[in-house]
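Peer 1: Structure below; questions to follow.
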4 protein chains.
Amino acid sequence: MTAYLAANIIQPMIEHSVKAEKTRRPTWRDEKAEERRLQLIDTALEVFARKGFDKTSVRELAAAAGVAQGLMYHYFKSKDKLLEAVVERHSFLPQLKSLLATLHNEPAAKVLKAVGRQFYDLLGQKESLMNIFFHETQSHPIVPRIWRGIMNEGISLFQNYLDERVKAGELRTHNTDVTARTLAYTIVLLRAGGVAFHQRTRPEAFIDQMVDNILSGIAA
Amino acid sequence: MTAYLAANIIQPMIEHSVKAEKTRRPTWRDEKAEERRLQLIDTALEVFARKGFDKTSVRELAAAAGVAQGLMYHYFKSKDKLLEAVVERHSFLPQLKSLLATLHNEPAAKVLKAVGRQFYDLLGQKESLMNIFFHETQSHPIVPRIWRGIMNEGISLFQNYLDERVKAGELRTHNTDVTARTLAYTIVLLRAGGVAFHQRTRPEAFIDQMVDNILSGIAA
Amino acid sequence: MTAYLAANIIQPMIEHSVKAEKTRRPTWRDEKAEERRLQLIDTALEVFARKGFDKTSVRELAAAAGVAQGLMYHYFKSKDKLLEAVVERHSFLPQLKSLLATLHNEPAAKVLKAVGRQFYDLLGQKESLMNIFFHETQSHPIVPRIWRGIMNEGISLFQNYLDERVKAGELRTHNTDVTARTLAYTIVLLRAGGVAFHQRTRPEAFIDQMVDNILSGIAA
Amino acid sequence: MTAYLAANIIQPMIEHSVKAEKTRRPTWRDEKAEERRLQLIDTALEVFARKGFDKTSVRELAAAAGVAQGLMYHYFKSKDKLLEAVVERHSFLPQLKSLLATLHNEPAAKVLKAVGRQFYDLLGQKESLMNIFFHETQSHPIVPRIWRGIMNEGISLFQNYLDERVKAGELRTHNTDVTARTLAYTIVLLRAGGVAFHQRTRPEAFIDQMVDNILSGIAA
DNA sequence: GATGAATGAGAATTCATTCAT
DNA sequence: CATGAATGAATTCTCATTCAT
């Protein structure tokens with residue numbers, strides 16, 4: 001029995017998502033559970049974005065999802081882990097990648113504006129997540145980690161594209177990292193600060209003109 | 001800056017302590033009290049920036065300042081009001097204004113890089129405040145209000161300068177709002193994201209090249 | 001012991017499972033169920049002894065036994081009832097009785113030491129149960145009831161033996177209750193406190209010398 | 001300010017009992033606070049003894065003491081620390097020592113019974129504490145530590161006395177550790193088990209006869 | 001001004017127990 | 001038999017705030 005105990009007590013915390021028992025096709029119950037899990041995550045995303053992580057109690061989250069508070073802890077070990085699940089699930093890295101995958105061998109003058117707008121739109125769709133990225137960075141290391149992952153990957157892909165255009169002779173030889181970041185950072189703050197700052201230029205027009213500026217320069 | 005202080009710091013102090021008998025020379029006691037008040041604000045700035053507002057208890061703030069918790073409530077009506085005092089006192093609008101005041105009639109090619117770097121440095125000096133701007137925006141309306149005030153004013157002044165240079169014929173006619181924001185936003189995220197994103201270019205060089213790009217364009 | 005088991009273990013099992021159709025030969029399923037029931041009890045004994053009743057959750061018990069929590073409630077109406085089942089099943093009264101049954105008409109000088117050591121060993125084998133006796137007495141009346149039953153019965157039998165030896169002229173006329181309890185109590189605490197107190201004398205030697213002292217006295 | 005912060009933040013937890021500020025004579029407020037502290041401890045002793053540590057909520061403790069729950073945490077860092085404070089404060093080691101200090105050079109035949117009874121009485125006065133010793137040993141290491149300290153010290157002193165009597169020629173040469181423990185352990189269980197076991201002999205008489213047995217032996 | 005004792009609401013988390021599958 | 005999702009009450013602990021001294 002000692003061996004038995006050892007095997008079962010040492011790691012009594014049951015991972016409920018990844019079933020330990022070999023690989024087994026998910027039963028109806030498992031599917032329901034996974035559905036519920038996602039529902040809880042999605043609800044949490046909205047509430048966290050709206051009220052902020054610290055200002056949201058687990059009781060509220062449960063109420064928003066229409067379940068008992070205790071159930072939250074059936075699905076997530078802690079409120080912190082729930083936040084992690086939220087940012088992991090809603091990371092828009094895939095969308096960003098596919099957005100940037102279409103670029104190859106297209107002339108910059110033609111696509112930069114389109115890509116800028118699409119990026120701006122993507123951030124708009126992910127407003128709740130952006131909110132979390134901006135506000136909950138400090139206490140939860142996973143939040144900046146995900147955010148960093150997205151930005152670094154996106155900028156890297158974007159830079160590759162710019163390098164191609166340099167090779168193709170469309171752009172002059174220059175530090176494409178700077179260009180990529182200038183465009184990306186500006187669009188991010190355009191979105192995040194959009195509510196905050198009195199922007200006089202509509203975002204789409206802003207992006208177009210920014211691209212023009214960077215392509216042709218503003219010197220007389 | 002003196003006017004600023006007078007309007008925002010002195011007045012709330014008087015309000016709670018000696019009930020301002022018209023205008024009266026500050027006594028020794030008043031000065032001591034003001035000193036203590038500022039000490040509490042400065043300590044709070046650091047602790048809030050490091051731990052976040054919600055994660056910081058009044059007890060901790062008091063301990064960090066070396067006073068009893070109760071004393072906090074002599075100087076600030078509530079923890080929220082303390083945060084307001086912090087962002088009000090440390091708003092760097094004055095510094096930003098004076099930074100931009102030197103620009104008039106200077107050629108853009110010469111000064112844009114310098115101004116960009118100075119702005120970047122200023123943000124660096126105000127790192128704690130930036131932290132608060134980014135993280136505590138949601139629950140405390142005064143935070144984004146101040147932040148907005150700084151950005152809008154700064155961009156407006158910067159834009160005025162750019163318009164001058166257009167008039168002077170140094171820059172071509174264009175939407176200077178876009179240029180101002182492109183530079184400002186990028187530098188802000190360069191600072192805020194500096195730790196987060198793997199930036200391959202050193203900030204000073206980055207700013208120089210960004211200015212070059214925007215002035216001359218990157219098209220071949 | 002069989003009678004004991006029949007009375008205490010078999011019956012509650014039947015009660016909850018197959019609703020005892022008179023007396024009926026146990027089927028294979030009944031046997032499996034009984035096996036499982038005993039496994040749950042035995043696991044619970046270990047875990048309760050190690051962690052304490054209150055500090056052990058049903059979830060942990062289930063995990064330790066390798067079953068789902070819900071199953072616990074098929075076999076035991078509540079966590080409290082499980083504890084009762086544990087102390088009932090592991091009561092070592094039968095062993096104690098058989099240990100004391102061998103004494104009759106044996107000379108005290110010869111057997112007291114042996115009996116003392118055997119009692120000490122028995123307590124050692126039942127360490128987990130002893131733990132429960134000592135720690136969970138308060139909240140669960142059945143615990144002290146069982147413990148009392150064992151002690152009272154044991155001491156009574158032991159006293160009978162001593163009375164015999166008095167009658168046989170081997171021991172002087174005296175209050176044998178006192179003697180029986182002195183030996184029994186001391187051995188119990190020797191065991192229970194063994195870990196706690198810095199005992200300078202090894203238990204076996206201790207028991208021998210204690211018996212010598214009581215038989216012959218320590219007066220010069 | 002950095003030094004300031006370092007000095008005050010690193011150890012923000014204020015020890016409230018031992019004032020850090022030099023040594024300063026206790027003010028009226030300090031005295032009130034200490035009184036309150038003791039009141040909370042004493043209340044806790046009773047309630048813990050009656051209901052058991054785990055079954056007692058901090059809410060109940062506060063109610064029993066007539067204060068707000070939050071105040072408990074002003075005086076004790078946690079419920080566990082409160083228990084530690086309880087056993088530390090009520091350790092009866094001093095009383096036990098003074099009880100045993102009177103023994104020197106007194107003849108054993110005369111004093112053993114008296115000391116036995118006094119020890120029994122002392123345990124009776126400390127019934128609540130004994131309860132805690134017996135029931136809360138497992139989860140709170142300080143409990144057995146204190147209990148061990150008392151027992152070891154007491155037995156050691158008692159043994160010294162017995163050794164003296166051996167040297168004085170009143171007792172025969174023998175392992176006095178065994179004698180000391182036999183008497184002590186039996187009295188402890190006499191007290192602790194008193195309620196539990198059907199003792200047929202009144203405690204005082206029991207102690208007298210036990211001492212007689214050990215001094216003179218029970219052999220015919 | 002300054003202290004820290006005192007309050008009570010509310011937070012995260014645990015847990016025995018039930019029950020549909 | 002067996003599972004584990006679901007419940008909701010209870011628990012420990014934190015914290016902003018007040019106030020007598």
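The values are calculated or read from the model by the stated rules, or taken from the named source; none is laboratory data. Bear in mind the structure is a predicted one, so any value in this text is a computation, not a measurement. Don't worry about glycine lacking a Cβ; one is built from the backbone with ideal geometry, like all the others, and counts go over all protein chains shown. Heads up: the accessible areas ignore ligands, DNA and RNA and are worked out on the full protein's heavy atoms, side chains in. Shrake-Rupley method; radii C 1.70, N 1.55, O 1.52, S 1.80 Å.
Peer 1: Give me the inter-chain shielding for C:49-57: mean count of other chain Cβ atoms within 10 Å, whole number please. It would help to have the intermediate numbers written out before the result.
Peer 2: Working: counts 1, 3, 3, 6, 2, 6, 3, 0, 1.
Per residue, the number of nearby Cβ atoms from other chains is 3 on average.
Peer 1: Heavy atoms only, probe 1.4 angstrom, no DNA, RNA or ligands counted: give me D:His198, C:His135, A:His74 ranked by accessible area, highest first.
Peer 2: Numbers: D:His198 120, C:His135 25, A:His74 90 Å².
Ranked list, largest accessible area first: D:His198, A:His74, C:His135.
Peer 1: Follow-up. Take every residue in peptide C:94-103, count the Cβ atoms of other chains within 10 Å of its Cβ, and give the average of those counts.
Peer 2: Mean shielding by partner chains, rounded to a whole number: 0.
Peer 1: Give a residue-ordered list of calculated ³J(HN,Hα) values for the stretch A:180-185 (Karplus: 6.51 cos²θ - 1.76 cosθ + 1.60, θ = phi - 60°; whole Hz; x for Gly, Pro).
Peer 2: In residue order, the calculated couplings are 4, 6, 4, 5, 5, 4 Hz.
Peer 1: Taking both sides together, what accessible area is buried at the A/B interface, probe 1.4 Å, expressed in Å² and rounded to the nearest 100? List each step's numbers first, then the result.
Peer 2: Working: alone 13930 and 13000 Å², together 22100 Å².
When A and B are taken together, about 4800 Å² of accessible area is lost.
Peer 1: Please report, for B:Pro141, the nm distances (one decimal) from its label point, 7 Å out from Cα along the beta-carbon direction, to the equivalent points in the remaining copies, shortest first.
Peer 2: With the label placed 7 Å along Cα→Cβ, B:Pro141 yields 3.8, 5.4, 6.2 nm.
Peer 1: Just the number, please: Stokes-Einstein D of the stretch C:93-216 in µm²/s, Kirkwood Rh from C-alpha pairs, 4 °C, 1.567 mPa s.
Peer 2: Working: Rh = 15.2 Å.
D, rounded to a whole number, is 85 µm²/s.
Peer 1: Another question about this same structure. Do any of D:Lys32/D:Lys81; A:Lys79/C:Lys81; C:Lys81/C:Lys126; A:Lys97/A:Lys167 go past 26 Å between their Cα atoms, and which?
Peer 2: Check vs 26 Å cut-off fails for A:Lys79/C:Lys81.
Peer 1: Normalise the Debye intensity by I(0) for chain A, one equal point scatterer per Cα, no solvent, then take log10 at q = 0.09, 0.11, 0.13 Å⁻¹ and round to two decimals.
Peer 2: Summing over Cα pairs of chain A leads to -0.51, -0.70, -0.87.
Peer 1: Then there is this: Ignore the peptide's own chain and count Cβ atoms of other chains within 10 Å of each Cβ in A:207-216; give me the average, rounded. Present the calculation step by step, with values, prior to reporting the outcome.
Peer 2: Values: counts 1, 2, 6, 7, 1, 4, 10, 7, 4, 6.
Across A:207-216, the average partner-chain Cβ count within 10 Å equals 5.
Peer 1: Report ³J(HN,Hα) in whole Hz for each residue of the stretch B:33-39, in order, from the Karplus equation J = 6.51 cos²θ - 1.76 cosθ + 1.60 where θ = phi - 60°; Gly and Pro get x.
Peer 2: Computed from phi, the couplings for the stretch B:33-39 are 4, 5, 4, 4, 4, 5, 4 Hz.
Peer 1: Could you tell me which residue out of D:His74, D:Gln118, D:Thr173 lies farthest along the dipole of chain D toward its positive end? Charges go on the beta carbon: Lys and Arg +1, Asp and Glu -1, centred on the Cα centre.
Peer 2: D:His74
Peer 1: Over the stretch C:146-191, one equal point on each Cα, no solvent: what is log10 I(q)/I(0) by the Debye formula at q = 0.24, 0.33 Å⁻¹?
Peer 2: The Cα Debye sum returns log10 ratios of -0.83, -1.15.
Peer 1: Given C-alpha coordinates of the protein assembly as shown, what is the ratio Rg to Rh with the Kirkwood estimate of Rh? Please list the in-between numbers first.
Peer 2: On the way: Rg = 40.0 Å, Rh = 34.9 Å.
Result for the protein assembly as shown is an Rg/Rh of 1.15.
Peer 1: Applying the Karplus parametrisation 6.51 cos²θ - 1.76 cosθ + 1.60 with θ = phi - 60° to the phi angles of the stretch B:52-59, what ³J(HN,Hα) value in whole Hz is obtained for each residue in order, glycine and proline being reported as x?
Peer 2: Here the 3J(HN,Hα) series is x, 4, 5, 7, 9, 8, 4, 4 Hz.
Peer 1: Quick check on the stretch D:76-164: take the gyration tensor over C-alpha atoms, sort the square-rooted eigenvalues as a ≥ b ≥ c, and tell me if it's rounded (a/c under 1.5), prolate or oblate.
Peer 2: On the way: a/c = 2.93, a/b = 2.42, b/c = 1.21.
In terms of gyration-tensor shape, prolate.
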